[in-house]
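Q: Let me give you the structure first, and then I'll get to my questions.
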Amino acid sequence: MSIINPHGKEIVSVTRDFLGKPLTLEVNRVGFRSTASVLVTYGDTVVLGTAQVGSRPVQLDYFPLSIDYEEKFYAAGKISGSRFIKREGRPSDEAILIGRLIDRPIRPLFPKGYRQEVQVVASVLSMDPNFRPDSVAMIAASAALSLTGTPFDGPVAGLRVGRVNGEFKAFLTAEERAESDLDLVVAGIESGITMVEAGANEVSEDLIGEALEWAFAAYQPAIELQKELVAKVQPAAQEYELVLPNEAIQTEVDAWIADKLGEKLRAPYPERNEMVNELRWAFHEAFTEKLGEEEYTKEVRDEYDEAFTMALHKDVRRGIVEEQLRPDGRKLDEVRVLSSEVGVLPRTHGSSIFTRGVTQGLNIVTLAPLSYAQLVDTMEVNDGERRYMHHYNAPGYTVGEVRRLGSPGRREIGHGYLAERALIPVLPTAEEFPYAIRSVTEIMSQNGSTSMAATCSSCLALMDAGVPIKRPVSGIAMGLMMDGDTPYVLTDIADAEDFAGDMDFKVTGTSEGITAIQMDMKLHGLPVEILKQAISGAKSGRAHILEHMLTTIAAPRTALSPFAPRIEKIKINPDKIGAVIGKGGEVINKITAETGAEIDIKEDGLITVAASDTKNIEKAINWIKSLTEEPEVGRVYEGKVVSIKDFGAFVNILPGIDGMVHISQLSNERVENVTDVLSDGQIVKVKLTGIDERGRLSLSIKAVEE
């Protein structure tokens with residue numbers, strides 16, 4: 001029996017098993033005025049995917065597609081932990097990163113020249129706490145787009161994959177993700193993969209390849225289900241016009257530039273960039289003179305400029321495919337000239353400059369007490385903290401442009417996160433190195449591969465700061481150009497090859513294995529075998545860069561900067577935390593006021609004490625020890641007599657801990673009355689001789705004398 005919505009339309013629903021749970025796509029239940037909306041249910045997770053398409057092309061030189069992922073705290077039964085903001089506002093970094101994950105496999109599936117404005121929103125309405133909702137949100141976004149009638153070459157599906165007990169698994173619990181040595185997101189279409197992103201704990205290239213194969217096969221049912229939905233709904237195809245280069249103009253431009261390309265335009269960067277700029281100016285002067293200033297309007301000039309750029313891209317591809325030579329004359333597997341240094345800034349805790357060709361990153365590391373870790377406030381149940389933070393900045397001057405300065409965009413957040421993931425597997429634990437760590441990469445110059453410059457420079461700066469990382473990490477950006485079925489893999493790509501190529505991918509890792517991957521395809525999907533070949537090709541490039549980095553600094557410095565805070569740690573019984581804090585924070589406030597130290601207490605009993613003066617740290621730690629110390633049998637204590645009885649006396653040896661000295665243990669000589677030897681408030685030395693099953697302490701003055 002069909003169900004009709006309030007507007008007289010049938011609610012269409014399709015369901016099939018997807019990795020052990022039913023996956024349901026539903027149309028016409030909500031979102032009546034959007035171009036298309038799909039309600040996706042998987043377990044207790046419900047995501048609304050909406051797609052809105054503009055009615056006419058916009059006058060832009062790019063495809064105006066926006067894809068957003070909306071976190072809703074109510075979906076997890078939470079209210080934001082922020083003291084001041086309780087409604088959802090600016091998306092968190094995590095939401096921005098998931099929005100990018102959804103965007104990257106979808107964007108290349110629209111035809112070149114498509115200019116309709118398209119907005120896709122994936123809103124999480126209910127969240128099953130047993131797994132992350134990002135894969136479901138990707139399916140919701142793709143399903144909505146598939147029903148718009150736009151020229152979207154989908155549908156798309158994706159999975160977040162880990163490894164549990166040696167076997168690949170999707171939809172992992174938080175506990176399983178913490179134990180897994182792989183966190184891999186794979187997305188694509190029926191015929192191939194269009195996006196890969198991973199964080200890993202030094203895993204092999206072969207393992208990544210196996211995971212790609214598993215994920216590609218595993219997400220196929222979600223694609224088939226979306227096709228079933230499209231077949232049921234049968235959306236009307238939308239009319240559109242592609243804004244494509246004028247073929248006559250392209251032919252004219254190709255003829256003008258033909259004898260100025262190839263070997264004549266090959267030169268190392270930045271000389272090649274300058275040659276291209278000079279050639280572009282000469283080109284526009286020539287056509288201004290040829291067509292006349294009145295006819296060579298801005299719109300016409302833009303068309304000719306696009307044709308000029310297309311001619312350059314074709315020349316880059318031709319050189320690589322036919323001659324195996326790149327625009328700057330390098331061989332396909334050749335890395336640009338490398339240069340690096342550390343300790344470049346006098347007052348920072350750690351600093352470095354890493355240069356690869358024209359691409360350059362300056363990195364600064366700052367150390368602080370653990371209390372400075374970033375609290376993560378998202379709709380997911382296990383928010384936690386970020387003890388290591390990597391931030392990436394790339395102002396307009398880094399590409400020779402005038403740009404307004406503002407807050408970081410999606411690209412900056414994404415690049416920073418990739419470099420952050422690259423280093424996390426090699427960082428020491430908080431118990432080993434009780435510091436919060438902020439790493440900031442200030443890009444100084446861009447010509448491709450800045451996220452990998454951020455990775456390498458942050459690794460160098462961490463070692464310069466004395467952070468005891470397990471092993472150094474290097475990263476490299478690779479490119480791919482397909483000539484028919486033949487792949488050409490490029491090591492260390494620059495901008496010209498990135499713009500002209502079919503895929504760019506970044507791989508980071510140590511001498512032991514991979515720590516992070518990011519792959520983006522411009523083609524409509526690539527087979528797993530080609531991706532495996534590309535990942536393997538990055539290994540030698542990473543090793544070459546790592547070898548260079550080790551000539552700059554071979555290991556982390558053994559001493560911290562004199563300007564870094566000094567931090568010591570102490571582990572106490574968690575039951576004693578209350579004694580350190582005191583009623584209303586009275587005790588801890590007194591310690592910090594009198595010692596000037598910053599004290600951070602974790603739930604597991606780890607206490608870190610930070611101060612510029614080590615004497616103050618020692619004073620605070622001794623104070624904490626006196627409050628939390630556990631009695632030790634055989635140890636001699638100096639205590640205060642707090643109570644006298646006929647049979648003996650009670651002596652306080654530690655805060656809140658008393659023991660009894662029996663009258664027989666007061667002296668080697670016979671004692672008739674306790675008051676003959678002791679008085680209230682007297683300070684005496686006692687030895688702890690035993691603790692019975694009820695926790696009562698037996699003390700002896702006689703044992704001390706002996």
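Q: Working only within the stretch 94-108, note down all residues that are in contact with a Lys or Arg (Cβ under 6 Å, 6 or more places away or on another chain) and closer than 13 Å to GLY154 by Cα.
A: Passing the criteria: only PRO108.
Q: Name the single residue that is farthest from ILE437 (Cα to Cα) among those in the stretch 464-475 being crowded, with 24+ Cβ neighbours inside 10 Å and of a type in the set (A, V, I, L, M).
A: The residue in question is VAL473.
Q: Restricting the search to the stretch 86-97, which residues are over 24 Å from the mean Cα position of the chain (by Cα) and surrounded by 11 or more Cβ atoms within 10 Å (Cβ to Cβ)?
A: LYS86
Q: Okay, next question. Quick test for you: out of LEU462, LEU480, pick the one residue that is touching a Leu at 6+ places or on another chain (Cβ under 8 Å) and either among the acidic types (Asp, Glu) or outside any strand (DSSP E or B) (or both).
A: Exactly one of LEU462, LEU480 is touching a Leu at 6+ places or on another chain (Cβ under 8 Å) and either among the acidic types (Asp, Glu) or outside any strand (DSSP E or B) (or both), namely LEU462.
Q: To continue, here is another question. Which one of the conditions (1) at pLDDT 90 or above; (2) closer than 25 Å to LEU427 by Cα does ALA593 fail to meet, given that it meets all the rest?
A: All conditions pass for ALA593, except number (2).
Q: Name the residue that is nearest to ALA465 (Cα to Cα), counting only residues in the stretch 560-578 that are of a type in the set (Gly, Ala, Ser) and crowded, with 19+ Cβ neighbours inside 10 Å.
A: In this case the residue turns out to be SER561.
Q: Continuing with this model, one more query. Which one of GLU252, GLU289, GLU274, GLU285 is under 41 Å from the mean Cα position of the chain (by Cα), part of a helix (DSSP H, G or I) and among the acidic types (Asp, Glu)?
A: Result of the check over GLU252, GLU289, GLU274, GLU285: GLU274.
Q: Considering only the stretch 417-455, how many residues are among the small types (Gly, Ala, Ser), surrounded by fewer than 24 Cβ atoms within 10 Å (Cβ to Cβ) and farther than 17 Å from ASP498 by Cβ?
A: 2
Q: Exactly one condition in (1) under 22 Å from the mean Cα position of the chain (by Cα); (2) over 22 Å from VAL507 (Cα atoms) is false for PRO155; which is it?
A: (1)
Q: Please work out if LEU212 is surrounded by 19 or more Cβ atoms within 10 Å (Cβ to Cβ) and modelled with pLDDT of 95 or more.
A: The answer is yes for LEU212.
Q: From the list ARG317, ARG301, ARG280, which one is of a type in the set (D, E, K, R), in contact with a strand residue (DSSP E or B) (Cβ under 8 Å, 6 or more places away or on another chain) and within 27 Å of LYS112 (Cβ to Cβ)?
A: Answer to the selection: ARG317.
Q: Same structure again: Only one of GLU190, GLU175, GLU205, GLU197 is of a type in the set (Asp, Glu) and more than 24 Å from the chain's Cα centre (by Cα); which?
A: So the residue among GLU190, GLU175, GLU205, GLU197 that is of a type in the set (Asp, Glu) and more than 24 Å from the chain's Cα centre (by Cα) is GLU190.
Q: Among the residues of the stretch 13-40, which ones are buried (at least 18 other Cβ atoms within 10 Å of the Cβ) and out of contact with any Ser or Thr (no Cβ under 6 Å at 6 or more places or on another chain)?
A: VAL14, PHE18, LEU23, LEU25, VAL27, ASN28, VAL38, LEU39, VAL40 - these are the residues of the stretch 13-40 that are buried (at least 18 other Cβ atoms within 10 Å of the Cβ) and out of contact with any Ser or Thr (no Cβ under 6 Å at 6 or more places or on another chain).
Q: To continue, here is another question. Is there a residue in the stretch 99-113 that is modelled with pLDDT under 95, assigned to a loop (DSSP other than H, G, I, E, B), under 30 Å from the mean Cα position of the chain (by Cα) and on the phi > 0 side of the Ramachandran plot?
A: Looking through the stretch 99-113, none of the residues is modelled with pLDDT under 95, assigned to a loop (DSSP other than H, G, I, E, B), under 30 Å from the mean Cα position of the chain (by Cα) and on the phi > 0 side of the Ramachandran plot.
Q: Checking GLU299 against (1) at pLDDT 90 or above; (2) within 46 Å of the chain's Cα centre (by Cα), only one condition comes out false. Which one?
A: Of the numbered conditions (1) at pLDDT 90 or above; (2) within 46 Å of the chain's Cα centre (by Cα), the odd one out for GLU299 is (1).
Q: I need the full set of residues from the stretch 652-698 which are surrounded by fewer than 15 Cβ atoms within 10 Å (Cβ to Cβ) and in a helix (DSSP H, G or I), in order please.
A: Those that are surrounded by fewer than 15 Cβ atoms within 10 Å (Cβ to Cβ) and in a helix (DSSP H, G or I): SER664, THR675, ASP676.
Q: Shifting gears a bit: Filter the stretch 41-79 down to the residues that are hydroxyl-bearing (Ser, Thr, Tyr), crowded, with 18+ Cβ neighbours inside 10 Å and outside any strand (DSSP E or B) and list them by number.
A: Across the stretch 41-79, there are no qualifying residues.
Q: Another question, then. Residue check: is ALA222 among the hydrophobic types (A, V, I, L, M, F, W, C), farther than 30 Å from ALA141 by Cβ, surrounded by 12 or more Cβ atoms within 10 Å (Cβ to Cβ) and modelled with pLDDT of 90 or more?
A: no
Q: What residue, of LEU279, LEU229, LEU265, is over 39 Å from the mean Cα position of the chain (by Cα), surrounded by 14 or more Cβ atoms within 10 Å (Cβ to Cβ), at pLDDT 90 or above and not β-branched (Val, Ile, Thr)?
A: It is LEU279.
Q: Residues being outside any strand (DSSP E or B) and touching a residue at least 24 places away in the same chain (Cβ under 8 Å): count how many of those fall in the stretch 162-176. Don't jump to the end; show me each part of the working.
A: Quick first cut of the stretch 162-176, residues outside any strand (DSSP E or B) only: 165-166, 171-176.
Subset that is touching a residue at least 24 places away in the same chain (Cβ under 8 Å): 171-174.
Of the residues in that region, 4 qualify.
Q: Related question: Looking only at the stretch 131-146, how many residues end up being buried (at least 24 other Cβ atoms within 10 Å of the Cβ) and part of a loop (DSSP other than H, G, I, E, B)?
A: Total satisfying the criteria: 1.
Q: Given GLU603, GLU547, GLU586, which one is surrounded by fewer than 12 Cβ atoms within 10 Å (Cβ to Cβ), more than 30 Å from ARG694 (Cα to Cα) and of a type in the set (Asp, Glu)?
A: GLU586
Q: With the requirement that a residue be touching a helix residue (DSSP H, G or I) at 6+ places or on another chain (Cβ under 8 Å) and surrounded by fewer than 24 Cβ atoms within 10 Å (Cβ to Cβ), what does the stretch 161-182 give you?
A: GLY162, ARG163, VAL164, PHE168, LYS169, ALA170, PHE171, LEU182
The values are calculated or read from the model by the stated rules, or taken from the named source; none is laboratory data. Being a predicted model, the structure only gives us computed values, none of them experimental. All Cβ positions, even for glycine, are placed from backbone atoms using ideal geometry, and neighbour counts span all protein chains on display.
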